[in-house]
1. Can you compute the FRET efficiency between Val93 and Ala257 using 1/(1 + (r/R0)^6), with r the Cβ-Cβ distance and R0 = 22 Å? Round to the nearest 0.05.
2. More than 34 Å apart: what percent of Cα pairs in the chain qualify?
3. Which chymotrypsin sites (Phe, Trp or Tyr not before Pro) from the stretch 95-147 combine a DSSP loop assignment with at most 14 other Cβ atoms within 10 Å?
4. Taking amide H positions as placed 1.01 Å from N in the peptide plane, with prolines and chain starts having none, which residues 5 or more places from Thr172, or on another chain, fall under 5 Å of its amide H?
5. Taking only DSSP H segments of four or more residues, each worth -39500 (n - 2.57), what value at 222 nm results for the chain once the sum is divided by all its residues, to the nearest 500 deg cm²/dmol?
6. Considering only DSSP states other than H, G, I, E and B, which trypsin sites (Lys or Arg not before Pro) in the stretch 1-76 qualify as loop sites with at most 11 other Cβ atoms within 10 Å?
7. What angle do you read, to the nearest 10 degrees and between 0 and 90, between the alpha-carbon axis of helix 129-152 and the longest principal axis of the chain?
8. Can you compute the FRET efficiency between Ala21 and Ala133 using 1/(1 + (r/R0)^6), with r the Cβ-Cβ distance and R0 = 35 Å? Round to the nearest 0.05.
Amino acid sequence: MSRFRWPLRLAGAGLLAAAAAVHLDLYLTGYRTIHVIGPLFLLQVIAGFAVALAVLLTPLAARSSQLPAAAAAAAAACFAVATLGGYLLSLWVGLFGFREVRTTAGIVAGLLEIAAFAVLALLAVGSAAPAVAVVAAISIAAFAVFGVSVATASGGAPAGAGSAGAHAVLRTDSVNGVTVLTDSKGMTVYWFALDTPASSACYGTCAAYWPPVYGTPAVAAGVTGVTGALGTIRRANGAIQATYDGHPLYTYIGDTAPGQAGGNNLNLNGGYWHEIPVSG
């Protein structure tokens, strides 16, 4: 087993660092503005890189004993599975009012964390057959739970959204002293600087964090001040997306309740996002 320690150590640290890098990208492109989740996510990123570094440096600092290196590997394996658990909880029930959606980046990070756990746990327990069997069983179980979770998680828009007969009811609300356009649930809607009046530039992970407002727009009865031109575009998948004054409309996953506009003036996913003020 001793000849495999450094390959396993390098692989485990590399997998942890790769997962932390994915999380850093997610933090910079969307998570940083989410209440509570943003700071916790940044702490997780820092911890991920720190734990990966500790896995590499601990055996160099304690050459006379394998115990510190094994302890560092065990701690890193626990960190990997705990991070995965946090992601699964946010998919299942949400955390701090934030419900995660299925994204490619999230899936990649989860797979890296499962692999990191398996490698680091093997490094920690050594070559004893019973211990290796336990690590293998836990890794397989984690992969199975992860697979079921992402398969059943929401990928963004609900099924059937954006069909030709669907309607997007628009309202207004006062957010931070400004009357802004909202969707039917009172969630602030935004426009994206990279869009054109005829097309959206927000797909994939971008559309998961900035869900398009689907359907033909109509102003709710009794709502005043919405004087801009209403229209639609057809997205690449054929869905109908509402527009206002030539801007395709979106909500922001970081807004968890009416009266919030956490996405306003953010430079994320390649461009700026703006709320839509209307006359009161």
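Bear in mind these aren't lab numbers, they're just calculated from the coordinates by the rules spelled out. On a predicted model such as this, the values are computed, not experimentally measured, just so you know. Neighbour counts are summed over all protein chains in view; Cβ atoms, including those assigned to glycine, are modelled from backbone coordinates with ideal geometry.
1. 0.85
2. Values: 12866 of 39060 pairs.
Result: 33 percent of Cα pairs exceed 34 Å.
3. Within the stretch 95-147, the qualifying chymotrypsin sites (Phe, Trp or Tyr not before Pro) (loop, at most 14 other Cβ atoms within 10 Å) are Phe96.
4. Thr182
5. Values: 6 runs with 127 residues, N = 280.
Value at 222 nm, helices only, nearest 500: -15500 deg cm²/dmol.
6. Values: sites: Arg3, Arg5, Arg9, Arg32, Arg63; in loops: Arg63.
When the trypsin sites (Lys or Arg not before Pro) of the stretch 1-76 are filtered for loop state and at most 11 Cβ neighbours within 10 Å, Arg63 remain.
7. That helix lies at roughly 10 degrees to the long axis.
8. Working: r = 32 Å, r/R0 = 0.90.
E between Ala21 and Ala133, to the nearest 0.05, is 0.65.
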